[in-house]
1. State to the nearest 20 debye the size of the charge dipole of the protein assembly as shown about its Cα centre, where the only charges are +1 on K and R beta carbons and -1 on D and E beta carbons.
2. Report the paramagnetic label zone for residue B:482: residues of region B:194-209 whose backbone N is under 20 Å from a point 7 Å from Cα along the Cα-to-Cβ axis.
3. Could you please rank A:163, A:600, placing first whichever residue has the fewest other Cβ atoms within 10 Å of its Cβ?
4. Work out Dmax and Rg for region A:488-638 from the C-alpha atoms and quote the Rg first, both in angstrom.
5. Taking the simple approach of a point 7 Å from Cα along Cα-to-Cβ for both residue A:629 and residue A:304, what is their distance in nm?
6. Would you mind ranking A:306, A:539 so that the residue whose beta carbon has the fewest other beta carbons within 10 Å leads the list?
7. What is chain B's relative contact order, in percent, from Cα pairs under 8 angstrom and six or more apart in sequence?
8. Treating only the Cβ atoms of Lys and Arg (+1) and Asp and Glu (-1) as charged, compute the dipole magnitude of region A:513-637 about its Cα centre; round to the nearest 20 debye.
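Each reported figure results from applying straightforward, stated rules to the coordinates on display, with no laboratory input. These numbers were taken from a predicted model, which means no experiment stands behind them. Reconstructed Cβ throughout: ideal geometry from the backbone, glycine too, with neighbour counts over all protein chains shown.
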Amino acid sequence: MARPDRSTARRTGAAPVPPSDALSFSEALRGREDAALVALLRARPDLASPSPSTIRSLAARATGRASVDRALAELDTFALQVLEAFAVRGADPHDRAAHVLDVAAVVGGLGPADDVPVDDLTSAASATADRLVLLALVWDAAAPGSPPDLRAAPGVLDSLGPYPAGLLAPEGATAPDDAVLAPLDDAPPGARAILDALTWGPPVGVAPRAESRAVEATRWLVEHGLLERLAGEDAGRVSLPAPVALALRGGLTHRDVRPTPPVPDRTAHAAATVDAEAGRAAEEAVRLVTDLVRLWEQAPPVVLRTGGLGARDLRRLALRLDVDEQAAAQVAELALAAELVADDGEVPASFVPTTLVDAWLADDVADRWADLARAWLASSRTPWVATTRDAAGALRSALDPAHTAGWAARLRRTVLDAAASSPAPLTADDVQDVLAWTTPRAVPPRDAVAGVWRGAELLGVVALGTLGGPGAALLAEADGGSGDGADPVAALDAVLPPEVDDLLLQGDLTGIVPGRPTRDLARLVDDAATVESRGGALTVRFTLESVTRALAAGSAGDADTLLAALARHTRGTVPQPLEYLVRDAARRFGRVRVGAALSYVRVDDPALVASFLADPALRATGLHQLGPTVLAAHVPAAELRAALASSGVSAALEDDEGRTVSTETDRPRTVPPGRRRGRSRYGAPVAPTSVPAERAARAAGLAAARAEAVVGELRSRDALAQADASWRRGDGAVLATPRPDAEAGSGGRRPPRGASQARGTTEPGDLLGLLHDAIAEQSLVSLETVDARGVPVTRTVRPLRLEGGRLRAVDPARDAELTVAVHRIARVVPQAARPPAAPTTRTEDA
Amino acid sequence: MTDGPLIVQSDKTLLLEVDHPQAAEARRAIAPFAELERAPEHVHTYRLTPLGLWNARAAGHDAEQVVAALMDYSRYPVPHPLLVDVAETMARYGRLQLVKHPTHGLVLQSLDRAVLTEVLRSKRTAGLLGERIDEDTVVVHPSERGHLKQVLVKLGWPAEDLAGYVDGEHHDIALTPDGWELRPYQEHAVESFWHGGSGVVVLPCGAGKTLVGAGAMAKSSTTTLILVTNTVSARQWKDELVKRTSLTEDEIGEYSGARKEIKPVTIATYQVLTTKRKGVYTHLELLDARDWGLVVYDEVHLLPAPIFRMTADLQARRRLGLTATLVREDGREDEVFSLIGPKRFDAPWKDIEAQGYIAPAECVEVRLTLPDGERMAYATAEPEDKYRLASSASGKNRVVEQILARHPEDQALVIGQYIDQLHELAEHLDAPLITGETTVRERQRLFDAFRTGEIQHLVVSKVANFSIDLPEASVAIQVSGSFGSRQEEAQRLGRVMRPKHDGRTAHFYAVVARDTVDQDFAAHRQRFLAEQGYAYRIVDAEDLEAELAG
């Protein structure tokens, strides 16, 4: 990124950066309507916090590198091209009068745009120019009443990079100078080729050394002013001056203007088709998350030490859900984002369903989907990172808490916006291209865009490359809309096929729901059968295992209840084979029983059992009979033994294998946790770690009310500062009026006149503003700097130029130039303006 | 699109609701490209497979027609990816063609060079193809025609076989409909087969597949080779052909273990063809003996593996496969299709029953509880013995008796797997026994006696699984079978499905030991029939007892 040495050579000791620039820009800002300032602050919210104290400091901030970069990052390709055109054309301060730029001139010089009629291009460029003006990236330097003189704001050229529009950063005249090209007719062979290579940028190339023809051509070009040799660290390179480049380009700034984002050449699908697919995907997503929750309810996976989900658990999940691992990771992330599962924080930790799950499961499909979709949209998680490998080759796990990014939610919005505004169906690559056009200076990473797109497809927000009805409603709601168009639940309901309460039962033990089952019916077939086929209808098969499962789950209870439930939903009767199957399962089911007990009593004599059961003193132990000679109790063995002892029964304590354990010493012992039988490990569901956040996305940018408040304050403070400055300058008219009370708003304390109150500032923003002013007025300032050892040094200097974080100034007393880093400047106090004869130089101690 | 009879599932199955007013129409529309998988009482399941779609292409249907048929009758929006998949699959057909080159003979021609390259690069086509004539054409070894077609299907680039058929030696054959005629579905089956060139006809047991074969022979009017499963069956075919066609006894030869006659119409057994002596197939010359115009494979679901390779040479001739149950437990149905031809005709059993051509049948599973002693023996037995123990439970004898007592007037067959059990049963019931050891002559005699009603009950082993024609058998009791074989179950049911003169319902009983592998196998076996609409009613053996007592 070398700058041509020549221009620095030109600059030393030459005229400083023209005074009118910085001041005029802040004056122009001051001259704007309040509403325009409000709009500026809303569009560039970084300018409003902390709130600027004066217009000048606002201007300084607005032209600072950081803020300009941020503003440029928001511009789309076309806006950047237009801005480049302004920056490149208006760069010559001396030739200002020669090119008064208006939009038409810029557009005329833009270049060709495929398939876009000139009128459309002009109006697009106009609108864009207006926006750039609003953003204070372009400003009108003309006096009010004169025709507009639009130019790029200070700092823009710096931020646009070393070669804006592929031209060498213009320092001099940038009017296309056709005269310059005149000698080309006699150019040696190869000269044209060299020029062509550099014409559209980048304008710097390595000078040929070997081939004699090229060397000769280069020499000739340099001689005729068409090329310049670079020196110093760029020795061996040549550059194409901007005017020459522009002339070669025929006066056009850009070769290929792109006023609209790229649109793939595909026909759009019918809305009904897209909606149908979206509905299908949405249902499927809800089902997958439901299955995941149920699976992890019974068998919660362990949380890795790093906080994520283990590879083996992911594989198990993928198998169970019948999807690939990447999709399984997405489903898990969805559940996490919606706070349906969470790390339970125990030792060891597992992922378990949260307390939100029950309410969610009881909801309708559309409501459940809306919860998932909203959570996804607002989530800052980056699920696409899971199942990839990092630099060391280690697998990144799903649900890793480190996989978040502040820009994730914003990216999702942007991707959906791209889908919403595209007339043709998109693939992930197309979305990437659109985003590359929309924010070329801040292109999101490809895998992130692809990951977001995949997430949108999984949820059915996007289907067949198009934003579906429910997806559009989701987006509208997030944008703050209301009413039918912004209700994702209603939108999905409209798109799903009607629910069906019918179950067709057949003699081959299959059942078919000819449509989307109602919640009750879905629950019933889910419990009692295995699903064989999904789609518009649901086919299930009843097997001994599935029916037993239903009976065991207790939801069906016994055979009669289950059969009654089936009969309720079926036309006709339950086929005999199925009825027999259910009764058979019920018959087998009760035969093996499992229960929990803390200890047991085993006796030889059944009569003892009866006596224990009857003994009131033993009731507290919860003794109940398991078999003719076995009883179980709800208290630990030692306690049971003690209770029996107090009832006059001396019992021997035995271990797992029936061997008597010696108990003469009364040392307390407990069965190690691993051997404890009957203890349930999975406790109650975990409360979510945060209160469910507001699901609607916040509006980007600054709220209107806040911006207005900032502008209000700014005006009043600025007015005071202005008046103050005029007074200090010795403005006669103003001298007549009493000095404005700068502290009026803050408690009424009047600073005494002439007191050693520093008029200057330590505020960095204002500091730059004061320096700019001083440069413009060519006045003196008292500069307090801090040297490397931290010792403050005060000097009176006349600032010359402020750029790249450094101030060049002249010390009139020593007639020496000095350069100071801006961050070392502690205080700036403006002195009176010229002539230096005025005895107003005050060196004040800070 | 709303309220149609068809529901298209994402897994490429099509559900047809039988009671819907448009069901018949929809069925006709999807039959050309969808395979009937199951036909229970309310909803029939069809499946879209690449092979089925390619056959539709071969028959002249294109993707638009298929998509239109799906969308016209579908109740809900058809999943878009499925439609795209259908179109893409069908587009793969016909990129390769088998044609007869005037100088090089059988060649493989491609309309898409990239496809040919891909196919040639595959290891599977090695050895089947000869020299490359030009960029788009490759010679095919004529004997590998069938094999190549199979391989191409597997590679996903099915070839359109335009190489035509060898006509074969002409021989007059005509049906002689004197007092009888072909039933509508039989005519339909013959037409479908003829129109398709070669293929498989699937009809329920007792629906008259032999006549379909005869009809095809009449259409072809050429020398015909008929391959059957056993000698008894061969004799049955001969009798039927003599009765129904213009063929005389002299024109039909039998080529089996016993006889070696080669005549214009020759009936051979699979067994004799696959006989090897000193590692060589001794009877392969049969295949070249005459210029056969038509080859008929009876019970094609039983096509032994060697035949798959061996009869490839017959690829140039029309081939007809006949069966009632094209399901194999080894999953090789696809090989049958690619070697003989695709399914040309299929009819749900219940439809044929509704038309009155096969007897209505009731299937019952009688569950027998094993006594404690046997239960303990079962629980502690080796896994390979478990089925035998369970299925030969002694209690079954009593159950068989009880069942027969319920049907005092009916001719009954008792069928089983284990010879000891069958011996016991035969003694118990005082009925004759036919096993593999019984001579052919003795079998014929017993079958004839059964037919005339001289014998009322017959105990048979699995030799009687197929082909034997006992029209008056109206009760079959199965005590054991070949583990989980669905096709055996269906074939056994088939023994009693010939329509009875008085229209009575046929009964099929499977006696099963509860809570054993016998029950598990039974569940699997019954699946095919259940899917055809023959749901089993399950009855406890104890209830039978009570019924009889009461």
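1. 3760 debye
2. Flagged as within label range: B:201-206.
3. A:600, A:163
4. Final numbers for Rg and Dmax: 22.7, 71 Å.
5. In this crude label model, residue A:629 to residue A:304 measures out at 5.4 nm.
6. Lowest to highest Cβ neighbour count: A:306, A:539.
7. It comes to 13 percent, rounded to a whole number.
8. Value, rounded to 20: 460 debye.
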